[in-house]
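One structure is given here, and the rest of the page talks about it.
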Amino acid sequence: GISVLENVSLVIIQGLNIIGNDLTGSGITLNPGTSNISIRDNSISNILLPGGGNLSPLSYGILCWGNSSPVNPPTDILIENNEINGVLGSAVSLGANTESIIVRDNRFENIQPVAFAGSYLAVGIHAELANNLSISNNEFVDLLQSNNLVNCTDVAISNNTYDSSSLLLLTTFPHEISFNDAPWWSTTLSLDGQSLSEAFVNTPLDSTYLYFSALEGFSQSSSNPGCND
C-alpha cells in the first residue's frame, strides 16, 4: 500500500481506493516520528499478508507505530471517514507509542479472525502505549473486539455504533479511559493468570461477561458505574 517514511510530516492521504492481495500486509503505514498526517475518505480492502512479512499473524488496514528505544512516536494523526474491510485481524493498529491520535467516522467490517496469544482477534482499533487517543463516531460491524487497548493513557471513547460487535472494549486494568458509549456492562478478568483486564460489553447476556462476572464477583454497568473519582 502506502508507507509514510520515518520523521516525515505534513502528509494528506485522501480519496484513494487501496485494494491489496496476499502480498499486502498493510494498506497504509505510518512509521516512527511521522507527524501531522491526515488519512481520510479512503477505502482499504483485501489486506491479506500476515504481519506484513514479519512473524505476526495479523495484517493491518492502517498501521501506525512508534519506536521504543529511543521513543519516537507518530504524533497528531487524523484517521477519518475511511472504510476498512477484508483484513486479517486488525483494521487499525496503533503500535507501541503513539501520541495525539484521532480516529473518527470510520467503518470497520469483515475483519477476519486470526489466532493470536491463545485466542482469536478480529479487532477494529488496537492500540498499545497510546497517549491522548480519541475514538468517536465509528461503526464497528461483526467484530470479535471493537476496541482493544493495552496500557493506554488519556483516552476518550464516545458516540460509536456497534453492529453484532458485543465486546465494545477490552483494556488493561486499571486504566485511564473515559468510556461514554452506552449501554455497557463491564467485568474484570485475567487472560494470563497474572495481569488484570476490563471487558465492556453491550449486553449482560454476553458469554464473556457472564463467565467472568460470576468468577471474579466484580461487575459494573452504565446505569451503576460505581465510583468515578
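The values are calculated or read from the model by the stated rules, or taken from the named source; none is laboratory data. Just so you know, these numbers come straight off a predicted model, no measurement behind them. Note: ideal-geometry Cβ built from the backbone for every residue, glycine included; neighbour counts use all protein chains shown. When the accessible area is computed, the model is the full protein with side chains, heavy atoms only, and any ligands, DNA or RNA have been set aside. Shrake-Rupley method; radii C 1.70, N 1.55, O 1.52, S 1.80 Å.
Along the Cα-to-Cβ line of Leu10, 7 Å from the Cα, sits a label point; which residues in segment 31-48 have backbone N less than 20 Å from it?
Inside the label zone: 31-40.
Can you classify segment 41-176 as rounded, prolate or oblate using the Cα gyration tensor, where a ≥ b ≥ c are the square roots of its eigenvalues, rounded means a/c under 1.5, and otherwise it's prolate if a/b beats b/c and oblate if not? Present the calculation step by step, with values, prior to reporting the outcome.
Numbers: a/c = 1.30, a/b = 1.11, b/c = 1.17.
Since a/c stays below 1.5, the shape of segment 41-176 is classed as rounded.
Would you calculate the separation in nanometres between label points at Asn67 and Asn17, each defined as 7 Å from the Cα along the Cα-to-beta-carbon direction?
It works out to 3.9 nm between the two label points.
How would you classify segment 25-120 from its alpha-carbon gyration tensor, with a ≥ b ≥ c the square roots of the eigenvalues: rounded for a/c under 1.5, else prolate if a/b is greater than b/c, otherwise oblate? Don't jump to the answer; show the numbers that get you there.
On the way: a/c = 2.04, a/b = 1.17, b/c = 1.74.
Since a/c reaches 1.5 but b/c is at least a/b, the shape of segment 25-120 is classed as oblate.
Assuming a ≥ b ≥ c are the square roots of the Cα gyration tensor eigenvalues, decide whether segment 117-159 counts as rounded (a/c under 1.5), prolate (otherwise, with a/b larger than b/c) or oblate.
It comes out oblate by the Cα gyration axes.
Multiply the residue separation of Leu48 and Phe173 by 0.36 nm, subtract the distance between their alpha-carbon atoms, and state the gained length in nm to one decimal. Please report the intermediate quantities before stating the final value.
Values: separation 125, 0.36 × 125 = 45.00 nm, distance 3.20 nm.
Length gained, Leu48 through Phe173: 41.8 nm.
I'd like the carbon and sulfur percentage of the solvent accessible area for the chain, probe radius 1.4 Å, heavy atoms only, ligands and nucleic acids excluded.
Values: 5190 of 10450 Å².
The C+S portion of the solvent-accessible surface of the chain is 50 percent.
Between beta-carbons, use under 14 Å as the cut-off and find the net charge around Glu80, counting Lys and Arg +1, Asp and Glu -1. Display every interim value, and only then the final one.
Values: positive: Arg40, Arg104, Arg107; negative: Asp41, Asp76, Glu83, Asp105, Glu139.
Around Glu80, the surrounding residues sum to -2.
Calculate the FRET efficiency for Asp41 and Leu215 from the Cβ-Cβ distance with a Förster distance of 35 Å, rounded to the nearest 0.05.
Values: r = 45 Å, r/R0 = 1.27.
The pair Asp41/Leu215 has a calculated efficiency of 0.20.
When the chain is treated as a GNM, springs tying every alpha-carbon pair under 10 Å, which of Thr203, Thr34, Thr171 comes out with the largest mean-square fluctuation?
The residue with the greatest mean-square fluctuation here is Thr203.
State the extension gain, in nm to one decimal, for the chain segment bounded by Asn224 and Ser158, taking 0.36 nm per residue of separation less the distance between their alpha-carbons. Write down the numbers at each step before the final one.
Working: separation 66, 0.36 × 66 = 23.76 nm, distance 1.81 nm.
Contour length minus the Cα-Cα distance gives 22.0 nm.
Using 0.36 nm per residue, how much length does the chain from Ser190 to Ala117 gain when fully extended, once their Cα-Cα distance is taken away? Please report the intermediate quantities before stating the final value.
Working: separation 73, 0.36 × 73 = 26.28 nm, distance 1.34 nm.
Length gained between Ser190 and Ala117: 24.9 nm.
Which ³J(HN,Hα) values in Hz, rounded to whole numbers, follow from the phi angles of segment 161-171 under the Karplus curve 6.51 cos²θ - 1.76 cosθ + 1.60, where θ = phi - 60° and Gly and Pro get x?
Calculated HN-Hα couplings, in order: 10, 10, 10, 6, 9, 6, 7, 6, 8, 10, 9 Hz.
Going by accessible area, probe 1.4 Å, with all protein chains left in place, what is the ranking of Trp185, Trp65, largest first?
On the way: Trp185 65, Trp65 90 Å².
Listed by decreasing accessible area, they come as Trp65, Trp185.
Roughly what % of DSSP beta bridges within segment 42-176 run antiparallel, to the nearest 5?
Values: 5 of 52 bridges.
Of the beta bridges lying entirely in segment 42-176, close to 10 percent run antiparallel.
Do the sum for the chain: with -39,500 (n - 2.57) for every DSSP H run of n ≥ 4, divided by all residues, what is the mean residue ellipticity at 222 nm, to the nearest 500 deg cm²/dmol? Before the final figure, lay out each step's value.
Working: 1 runs with 10 residues, N = 229.
Calculated mean residue ellipticity at 222 nm is -1500 deg cm²/dmol.
May I ask for the angle, rounded to the nearest 10°, between helix 207-216 and the longest principal axis of the chain, with both axes built from Cα atoms and the value confined to 0 to 90°?
50
Based on alpha-carbon centroids, what's the gap between segment 1-63 and segment 147-221 in Å, whole number please?
When both Cα centres are located, 28 Å separates them.
Before I look further, what does segment 28-125 give for accessible area per residue, probe 1.4 Å, in whole square angstrom? Present the calculation step by step, with values, prior to reporting the outcome.
Numbers: 3510 Å² over 98 residues.
For segment 28-125, the solvent-accessible area averages 36 Å² per residue.
So for the chain: antiparallel DSSP bridges make up what percent, rounded to the nearest 5? Walk me through the numbers on the way to the answer.
Numbers: 20 of 90 bridges.
For the chain, the DSSP antiparallel bridge percentage is about 20.
If you compute volume of the Cα convex hull per residue in Å³ for the structure shown, which of [x] 115; [y] 150; [z] 138 do you land on?
The calculated read-out lines up with [x].
Excluding Thr172 itself, what net charge comes from residues whose Cβ is under 13 Å from its Cβ, given Lys and Arg +1 and Asp and Glu -1? Walk me through the numbers on the way to the answer.
On the way: positive: none; negative: Glu128, Glu176, Asp192, Glu198.
Result for the local shell: -4.
Could the peptides 190-200, 41-51 be put in order, highest first, of the mean number of other beta-carbon atoms found within 10 Å of their residues? It would help to have the intermediate numbers written out before the result.
On the way: 190-200: 14.8, 41-51: 19.5.
With the highest mean Cβ count within 10 Å placed first, the list reads 41-51, 190-200.
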